[in-house]
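Right, one structure below, let's go through it.
The values are calculated or read from the model by the stated rules, or taken from the named source; none is laboratory data. Bear in mind that the values here come from a model prediction, so they are computed numbers and not experimental data. Backbone-built Cβ (ideal geometry, glycine too); neighbour counts: all protein chains shown. Please note that ligands, DNA and RNA were not included when accessible areas were found on the heavy atoms of the full protein model with its side chains. Shrake-Rupley method; radii C 1.70, N 1.55, O 1.52, S 1.80 Å.
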Amino acid sequence: MTWMKITGYADKFSVHPGDTIKFFVNCDGPAEYQAEIVKMIHADTNPRGPGFIEESIKAACDGTYKGMKQEIYSGSYGFVVDKPQFCVESVTLQCWIWPTTPKTHPKYWKHGAQGLVTKWHDGKGYGLFINEEGCVEFRVNDQVITTGAPLRDHAWHFVAASFDAKTGEAILYHEPQIVYALDPEIEPVTKKLATKLAYTPGTPTVIAGYCGALSDAPQAKASVPAGVLIKGHYNGKIDSPRISNRALSRLEIETMKLGAQPGLSERRNSGPTGKLSEAIVASWDFSDGINTLAGKDKGPYLFHATIVNCPTRAMTGYNWEGQVFDWKTAPEQYGAVHFHDDDIDDARWATSFEWTVPKGTSSKFYAAKLTSKDGGEDYIPFWVVPRVGEETAKIAYMVPTISYMAYANEHLANNAGGAELLVYRVPIMQQQNMFLSEHREYGGSIYDTHTDGSGLCLSSRLRPILSIRPKYDHFLAQAPWQYPADLHMIYWLEKKGYEYDIITDEDVTYDGLARLEKYNVIITGSHPEHNSGPQLDALHNYMQRGGRFMYMGADGWYWVHSYHPGYDGLGRGIVTEMRRCESGIRTWRADPGEYYHQGTGELGGMWRFRGRYLHTIAGTGMSSEGFDISTYYSRTPESNDERVAWAFEGITYDEKLGNFGLVGGGAAGTELDIVDTMLGSPPHTLVVATSAGRHTEGYLLVMEDYGFNQQGLDGTQHPRVRSDIAYHETPNGGASFAFSSIAFCGALPWNNGDNNISTLVGNVLNRFMKDGPLPTPSPAAIMHRGRADYDQPMNKARK
Amino acid sequence: MIPIPRKSSPDAKRMIDEHKDCIDSMKGVAGNSVLKCATPGDTTTVTGGIHEDFQLNRVLLRMRAQPAKGKLVVVCTEVEKKWRIARLSGIRGVPPEFVTDKVYDNEQDPQHDIFLMRLEEFAETDGFPEHFREGWKRRDDMWTVT
């Protein structure tokens with residue numbers, strides 16, 4: 001079966017009226033396709049809801065376009081274009097490696113030899129490789145020598161090789177840095193080779209791959225350098241690669257480990273010794289420029305490598321001592337780059353068409369709808385966002401684009417057996433998942449592991465992201481998740497006739513408070529889990545000054561994200577980074593010493609462990625998750641407090657709130673937030689409704705909330721496995737309403753938007769969107785409140 | 001570890017009936033659990049299934065913990081209309097393959113058929129000391145952890 005003949009992406013997530021957005025389309029098969037800009041209203045195809053709704057807006061770019069296949073050349077590497085100094089007669093190569101997949105399954109998507117340090121193409125040149133059997137291999141033209149000793153995965157090795165053109169002698173060294181009692185000795189291998197080094201013009205020097213093909217095909221322009229197709233992508237770390245222009249002795253190789261060391265002689269030549277300085281062709285030091293896209297060469301020629309497809313940096317090197325954990329403090333211990341054969345930073349496709357958004361275009365969810373006559377279909381979502389100062393509504397909907405990027409092209413149902421334990425039923429895959437299962441070049445999500453099993457901590461938006469699609473049910477919910485789920489709220493806003501603007505995480509991160517302050521109320525997505533620091537600052541500043549906030553979901557404000565500054569030249573928010581550190585719900589766990597972001601140098605992990613508790617943003621924070629089915633809420637006595645009773649006009653006290661919905665069949669489900677004044681919920685927060693006691697065994701308390709594994713943590717037992725709908729006032733007439741469940745918005749479209757969840761949300765929005773500060777609470781509400789100390793009945797007797 | 005009863009045993013028959021009742025009651029819900037909706041398609045009140053049949057609960061956990069290689073999944077082949085059963089390869093880049101020709105008209109029924117297939121496929125006592133093999137030292141056992 002062929003899945004998804006058409007795929008595409010745009011150069012922007014958010015585009016201002018008057019600006020141009022470019023679309024990049026892969027049309028693999030059909031001779032032509034139709035493109036149409038549509039306004040997105042509702043993306044959920046569930047027959048119990050209003051169904052899929054889009055509106056054509058008659059854009060100038062609507063039309064038929066010629067189909068063209070476009071390829072993604074994923075896999076990270078460093079390269080230096082062809083230079084005569086690399087075309088040596090004799091050579092020595094050396095580096096440390098920490099391979100993760102020295103040997104792969106014959107059906108593995110990139111099975112074959114892996115390049116380490118190479119200037120080799122089609123039987124010409126030299127290079128250090130790992131061969132199919134997982135052994136180090138030295139190639140001199142078409143001659144090969146190998147140790148025959150398989151590399152231990154996930155361990156450091158020093159590898160080196162030399163070739164002397166005069167004697168024809170080649171020597172290969174493989175020196176494991178971890179040696180166990182029963183490991184065989186690995187002796188250097190020597191062989192006389194009857195060959196003289198020859199080179200194919202145009203062959204770059206490659207680190208973590210080799211020059212596989214030189215191509216004039218139009219698709220090959222998407223490779224870097226254009227037309228040069230890198231193959232043999234290496235999985236693992238490489239530290240301190242060096243190339244010398246003669247066959248060094250083993251002692252000289254040892255000395256050359258020191259690299260170019262300007263300063264060892266008063267003449268400042270670039271070598272560990274004067275003699276060796278004459279031999280250096282390149283001596284790369286990846287610890288310099290960790291937050292850049294370059295691999296610095298400290299040798300005399302300054303052959304800085306261009307690093308392509310954003311491998312993971314700020315990785316512990318062969319010499320990491322376990323005393324320093326922040327790469328900025330001891331960069332010399334962070335000279336390793338972890339390359340992966342599925343890294344992707346930019347698909348670099350040719351522009352297929354573009355659209356200049358007419359001035360006056362309403363700020364909404366849009367998509368380029370792409371269809372072919374044989375049934376092919378894809379949507380490229382984007383958002384029209386007003387310029388700062390040109391806001392058009394009192395309400396802004398903040399699209400959680402960082403969270404969309406974190407989940408981009410997520411593969412869990414296919415990769416992770418544990419996915420079924422998590423969701424408590426057999427996962428259902430859709431065409432997007434099936435396509436991605438064989439198109440690994442589209443890259444994964446920050447929930448996935450790379451194809452080598454290491455954690456994926458960088459995600460680019462310059463590639464087709466098939467999870468940000470309408471008509472897509474996610475295996476986690478067996479219902480929409482993220483983008484299509486957020487359209488539940490959009491449908492409701494449209495249905496009820498509200499005027500609203502769209503803003504994105506990206507806009508708030510770069511524009512700060514200016515992006516928010518003109519709005520009376522900000523509405524969040526259903527799952528704004530991944531956030532940048534500047535974004536959280538902006539939200540706090542907004543609420544401090546009287547802004548109103550409606551947190552329409554759960555598991556928000558959880559992970560530290562930063563946009564990689566190396567991509568700023570391509571636009572806003574191109575690549576986001578996140579590290580899964582010591583706690584939190586983690587599909588993978590960062591290794592020791594690798595908690596700091598390579599882009600900004602900040603400590604990654606949960607905001608909670610940076611001292612920014614989740615609950616401080618909207619009043620509630622993540623308590624539990626489970627994905628089988630959802631349930632409903634009951635009002636609490638606090639809902640009758642006059643500070644908040646207005647929210648329940650038209651809703652009786654005993655009504656079941658949200659025992660219906662398009663996500664799990666109820667408003668309280670999937671991921672749940674609660675009030676916890678010990679974790680940052682303001683002490684005056686009112687819990688107005690809760691789902692306590694109604695969840696299934698599939699729901700479990702989050703691990704960061706307990707220190708000891710013990711029974712009794714599931715939804716049938718633990719009182720913290722619940723969702724709290726909560727309200728609190730902020731200074732200057734501001735307030736926050738937290739609805740605290742990812743499934744919550746799935747109840748809004750129920751019965752065409754006529755239901756008690758809709759009534760509650762409508763009451764809140766109508767009050768929050770009004771101009772001016774909210775009414776001042778009565779003086780009786782002003783009192784001293786502790787955090788752990790609340791007004792227990794026993795304390796009341798004391799008063 | 002609780003064994004997986006053979007399909008012909010009275011225990012298995014009880015579990016099969018309970019599982020089917022639960023799955024049937026979930027039709028229409030955008031989600032699924034092996035629990036019985038008091039009103040079909042409505043999760044307001046759910047009972048039975050994994051909450052009340054301890055053996056069914058433990059057997060399902062063992063089945064769900066299977067690693068990706070060879071694991072059965074459901075594939076939606078036409079949105080809201082068609083579903084089929086496939087098997088994961090466990091190899092990056094090798095897509096799942098369909099294992100039966102049966103096309104389902106709802107997303108819940110394949111859940112029950114997969115339960116029946118697994119009752120046939122799973123060893124009764126996998127995970128006991130007599131099944132020890134070297135892979136257990138390298139996390140290659142029948143219980144994945146995320």
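What to note about this one:
- Tallying residues that are under 17 Å from B:Arg139 (Cβ atoms) and either more than 8 Å from every other protein chain (Cβ to nearest Cβ) or among the aromatic types (Phe, Trp, Tyr) (or both) within the range B:70-85 yields 1.
- Of residues in the range A:408-445 being in a helix (DSSP H, G or I), at the interface with another protein chain (Cβ under 7 Å from one of its Cβ atoms) and not charged (D, E, K, R), the one surrounded by the fewest Cβ atoms within 10 Å (Cβ to Cβ): A:Leu421
- Positions within the range A:687-714 being part of a loop (DSSP other than H, G, I, E, B), open to solvent by less than 30 Å² (accessible area, probe 1.4 Å) and more than 14 Å from every other protein chain (Cβ to nearest Cβ), in sequence order: A:Gly712, A:Leu713
- Contact map, the range A:299-320: first residue without any contact (Cβ under 8 Å) to a residue 60 or more places away in the chain, second residue open to solvent by less than 10 Å² (accessible area, probe 1.4 Å), Cβ cut-off under 6 Å, separation 6 or more or different chains; pairs are A:Gly299/A:Ile280; A:Gly299/A:Ala282; A:Gly299/A:Ser283.
- Number of positions in the range A:770-789 that are open to solvent by 80 Å² or more (accessible area, probe 1.4 Å) and part of a loop (DSSP other than H, G, I, E, B): 11
- Selection from the range A:457-480 of residues that are part of a loop (DSSP other than H, G, I, E, B) and within 12 Å of another protein chain (Cβ to nearest Cβ): A:Arg469, A:Pro470, A:Lys471, A:Tyr472, A:Asp473, A:Phe475, A:Leu476, A:Ala477, A:Gln478, A:Pro480
- Selection of the range B:33-65 for residues being part of a loop (DSSP other than H, G, I, E, B) and either touching a Phe, Trp or Tyr at 6+ places or on another chain (Cβ under 8 Å) or among the β-branched types (Val, Ile, Thr) (or both) yields B:Ser33, B:Val34, B:Ala65.
- Tally, over the range A:323-353, of residues that are more than 19 Å from A:His157 (Cβ to Cβ) and either more than 14 Å from every other protein chain (Cβ to nearest Cβ) or of a type in the set (A, V, I, L, M) (or both): 20
- Within the range A:481-503, being within 14 Å of chain B (Cβ to nearest Cβ) and touching a helix residue (DSSP H, G or I) at 6+ places or on another chain (Cβ under 9 Å) holds for A:Ala485, A:His488.
- Scanning the range A:91-112 for residues that are outside any strand (DSSP E or B), within 19 Å of A:Phe138 (Cα to Cα) and open to solvent by less than 20 Å² (accessible area, probe 1.4 Å) turns up A:Thr101, A:Pro102, A:Gly112.
- Subset of the range A:113-126 that is small (Gly, Ala, Ser) and under 33 Å from the mean Cα position of the chain (by Cα) - its residue that is surrounded by the fewest Cβ atoms within 10 Å (Cβ to Cβ): A:Ala113
- Residue that is open to solvent by less than 10 Å² (accessible area, probe 1.4 Å) and closer than 23 Å to A:Glu132 by Cβ, where the choices are A:Ala208, A:Ala213, A:Ala220: A:Ala208
- Just so you know, in the range A:653-667 the residues that are farther than 14 Å from A:Ala692 by Cα and over 34 Å from the mean Cα position of the chain (by Cα) include one that is nearest to the other protein chains (Cβ to nearest Cβ), and it is A:Glu655.
- Exactly one residue out of B:Gln66, B:Gln108 is of a type in the set (S, T, N, Q) and more than 8 Å from chain A (Cβ to nearest Cβ), and it is B:Gln108.
- Checked against (1) among the aliphatic types (A, V, I, L, M); (2) farther than 19 Å from A:Gly295 by Cβ; (3) in contact with a Cys (Cβ under 8 Å, 6 or more places away or on another chain), A:Ala60 passes all but condition (3).
- In the range B:36-61, of all residues being buried (at least 19 other Cβ atoms within 10 Å of the Cβ) and more than 10 Å from every other protein chain (Cβ to nearest Cβ), the one that is nearest to B:Phe122 (Cα to Cα) corresponds to B:Val59.
- Enumeration of residues in the range A:358-397 that are acidic (Asp, Glu) and within 21 Å of A:Met552 (Cα to Cα): none
- Looking across the range A:751-768, the residues that are in contact (Cβ under 8 Å) with a residue 40 or more places away in the chain and farther than 19 Å from A:Ile725 by Cα come down to A:Asn751, A:Asn752, A:Gly753.
- Scanning the range B:95-125 for residues that are under 27 Å from A:Gly453 (Cβ atoms) and open to solvent by less than 30 Å² (accessible area, probe 1.4 Å) yields B:Pro96, B:Ile114, B:Arg118, B:Phe122.
- Residue match in the range B:129-141 (condition: open to solvent by 40 Å² or more (accessible area, probe 1.4 Å), within 11 Å of chain A (Cβ to nearest Cβ) and within 16 Å of A:Met429 (Cβ to Cβ)): no
- In the range A:609-619, of all residues being touching a residue at least 12 places away in the same chain (Cβ under 8 Å), farther than 15 Å from A:Glu577 by Cβ and surrounded by fewer than 23 Cβ atoms within 10 Å (Cβ to Cβ), the one that is farthest from the chain's Cα centre (by Cα) corresponds to A:Thr616.
- Take the conditions (1) buried (at least 21 other Cβ atoms within 10 Å of the Cβ); (2) at the interface with chain A (Cβ under 8 Å from one of its Cβ atoms); B:Ser89 misses just one of them, which is (1).
- Members of the range A:626-644 that are assigned to a loop (DSSP other than H, G, I, E, B) and within 14 Å of chain B (Cβ to nearest Cβ): A:Gly626, A:Phe627, A:Asp628, A:Ile629, A:Ser630, A:Tyr632
- Lone qualifier among A:Asp342, A:Asp374 - being out of contact with any Phe, Trp or Tyr (no Cβ under 6 Å at 6 or more places or on another chain), surrounded by 24 or more Cβ atoms within 10 Å (Cβ to Cβ) and touching a residue at least 24 places away in the same chain (Cβ under 8 Å): A:Asp342
- Residue match in the range A:227-239 (condition: open to solvent by less than 50 Å² (accessible area, probe 1.4 Å), farther than 24 Å from A:Ser90 by Cα, among the charged types (D, E, K, R) and in a strand (DSSP E or B)): yes
- Filtered residues of the range A:178-193 (kept if more than 18 Å from A:Pro99 (Cβ to Cβ) and of a type in the set (Ser, Thr, Tyr)): A:Thr190
- Of residues in the range A:637-675 being crowded, with 19+ Cβ neighbours inside 10 Å and in contact with a Lys or Arg (Cβ under 8 Å, 6 or more places away or on another chain), the one nearest to A:Ala735 (Cα to Cα): A:Ala647
- Residue in the range A:377-391 that is of a type in the set (Gly, Ala, Ser) and more than 14 Å from chain B (Cβ to nearest Cβ) present: yes
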